[in-house]
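Following: one structure in structure tokens, then a few remarks.
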């Protein structure tokens with residue numbers, strides 16, 4: 001408790017158990033002393049003034065902001081973990097697809113396609129000859145057909161024999177039937193592919 005006697009005959013201040021005679025001290029010292037004396041009083045009464053409450057509210061608001069930011073960061077961390085897992089899954093899927101693609105490449109490279117050889121047969125057959133049957137089995141091609149003359153069939157046989165697409169060209173049979181020459185030729189497809 002602070003008592004200040006402002007009567008002209010008394011020039012002293014009593015703070016707690018200490019009495020200060022302000023008549024003997026300069027004015028600045030008086031103000032400092034008064035201020036120092038009021039500090040405990042103000043500090044004890046701060047809650048009543050409302051400063052502490054405002055500071056507490058401000059701190060609570062700031063704490064709420066920090067908690068919201070923390071929650072958002074936790075959510076984002078979860079999203080990143082989930083995305084990381086999805087990325088790993090996609091990368092594993094890509095590896096599996098690469099393996100399957102390699103298998104398909106090996107299969108297609110080892111498989112022989114006779115398209116180019118069949119195009120060669122169509123190109124070499126003379127205009128007065130035609131095919132009635134074409135059979136492919138285990139890289140052996142059997143051709144059956146007819147021609148107007150033996151010369152046309154001989155020309156076709158020699159062209160097949162000279163082609164780099166075929167090996168072991170053999171004339172299996174030739175018979176005259178109904179004014180045409182029927183023939184049967186067997187040959188093996190060479191390793192050359194289109």
- Item | Matching residues in region 145-168 - criterion: being touching a strand residue (DSSP E or B) at 6+ places or on another chain (Cβ under 8 Å) and under 15 Å from residue 118 (Cβ atoms) | 145, 156, 160, 165, 166
- Query: Would you say residue 34 is at pLDDT below 80 and outside the structural domain of residue 151 (by TED's automatic domain parsing)?
  - Reply: yes
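Residues checked against (1) more than 17 Å from residue 126 (Cβ to Cβ); (2) touching a helix residue (DSSP H, G or I) at 6+ places or on another chain (Cβ under 8 Å):
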{"residue": "145", "(1), (2)": "no, no"}
{"residue": "156", "(1), (2)": "no, yes"}
{"residue": "160", "(1), (2)": "no, yes"}
{"residue": "170", "(1), (2)": "yes, no"}
{"residue": "175", "(1), (2)": "yes, no"}
{"residue": "182", "(1), (2)": "no, no"}
- Message: Between 143, 187, 131, 171, which is assigned to a strand (DSSP E or B), more than 60 Å from the chain's Cα centre (by Cα) and modelled with pLDDT of 90 or more?
- Response: 171
- Among the candidates 118, 104, 97, 90, residue that is under 30 Å from residue 139 (Cβ atoms) and modelled with pLDDT of 85 or more: 118
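The values are calculated or read from the model by the stated rules, or taken from the named source; none is laboratory data. Bear in mind the structure is a predicted one, so any value in this text is a computation, not a measurement. When we count neighbours, we look across all protein chains shown, and the Cβ atoms used for this are built from the backbone with ideal geometry, even at glycine.
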